Amino acid sequence: MSKVIGIIGAMDIEVEKFIENLSDIEKVTISGIDFYSGTAFGKKIVVVKSGVGKVFASIATEILCIKFGVSCVINTGVAGALYGLKIGDIVVSNSVCQHDMDTSAIGDPIGLISGINKVYLNADENLVSLALSSANKNGLNAVSGIIASGDKFVADKNEKEYIYKNFSALCVEMEGASVGQTAYLNSVPFIVIRAISDDGDDSHAVEFVKFAKESAIKANAIICDMLQNI
Ligand code: ADE
């Protein structure tokens, strides 16, 4: 059986490019989430718009792994900058963490995922280097680093600082780490590729509305290029 690649984004703007380009498209709805399978950019892919937040992303990733048997999962979309990045820059996950996971009151490190005993989950190294070179080919400014996820849109300077100080993350979003945890539990390689849409701070939340679509397209461009080389 040939490889099937899973592509997951939370919102329409993050995945519509892939769905538009699918040939031999088949749609199935599972747990209220639509999955589109077919061929695009020379590869068999399954594209899913999960919905926003960690629970939706986790359900969608589990279905990609269990029902569609994907060989890897790519999470695409936008993110708020925490440190040193500007709108349109790309962050490729070398690892992911959950900034809203906190059992420190009972002695654990902040962010520890009980059961697997890790704060950070590593993305697949080959996918990371492929994403960085695809970004480079597309003339995009890309860095690899830690991506932090949580069930909150961050639009506050203090929260931003909390996440940066505790996790050294470069950007914040709402799904990548749950995609990563679910893929990890299924022994499926994963990567998160995010384009910066806003500054994650109080004065700049409005940027998200303005820049989300054009940033999402930048992250998509990287994946289209990667698909030819996976
Ligand atoms: N996705 C894009 N910008 C974000 C932010 N500031 N917080 C959480 N998720 C985001």
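None of the figures in this text is laboratory data; all of them are computed from the coordinates on show. No experiment lies behind these values; they were computed from the predicted model shown. Counting neighbours? That spans all protein chains shown, and the Cβs are built from the backbone with ideal geometry, glycine included.
Values for this structure:
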read-out	value
Residue-span extension gain [Asn122 to Lys210] - 0.36 nm each, minus C-alpha spacing	28.5 nm
Backbone N under 20 Å from the Asp156 label point (7 Å along Cα→Cβ), restricted to segment 75-95	79-83
222 nm mean residue ellipticity, helices alone, for the chain (DSSP H n ≥ 4; -39,500 (n - 2.57); rounded to 500)	-11000 deg cm²/dmol
Leading residue at positive end of dipole, the chain (Cβ point charges), from Val172, Val143, Ser133	Ser133
Positive-pole candidate from Ser37, Tyr162, Ile110, dipole of the chain, charges at beta carbon	Ser37
Rounded to the nearest 20 debye, dipole of segment 136-230 from Cβ charges on Lys, Arg, Asp, Glu	320
Pairs from Lys118/Lys160; Lys49/Lys218; Lys157/Lys213; Lys3/Lys54; Lys86/Lys210 whose Cα-Cα separation, in the structure shown, is over 19 Å	Lys118/Lys160; Lys157/Lys213; Lys3/Lys54
Given charges at beta-carbon only (K, R positive; D, E negative), |dipole| of segment 62-119 in Debye	200
Listed residue (Val206, Gln98, Phe18) projecting farthest to the positive dipole end of the chain, Cβ model	Phe18
Max mean-square fluctuation residue, GNM over the chain, Cα-Cα springs under 10 Å, options Asp156, Asp124, Asp89	Asp156
Charged-residue dipole, Cβ positions (Lys, Arg, Asp, Glu), the chain about Cα centre, Debye nearest 20	580
Inter-label distance, nm, simple model (7 Å from Cα along the C-beta direction), Lys165/Ile106	2.6
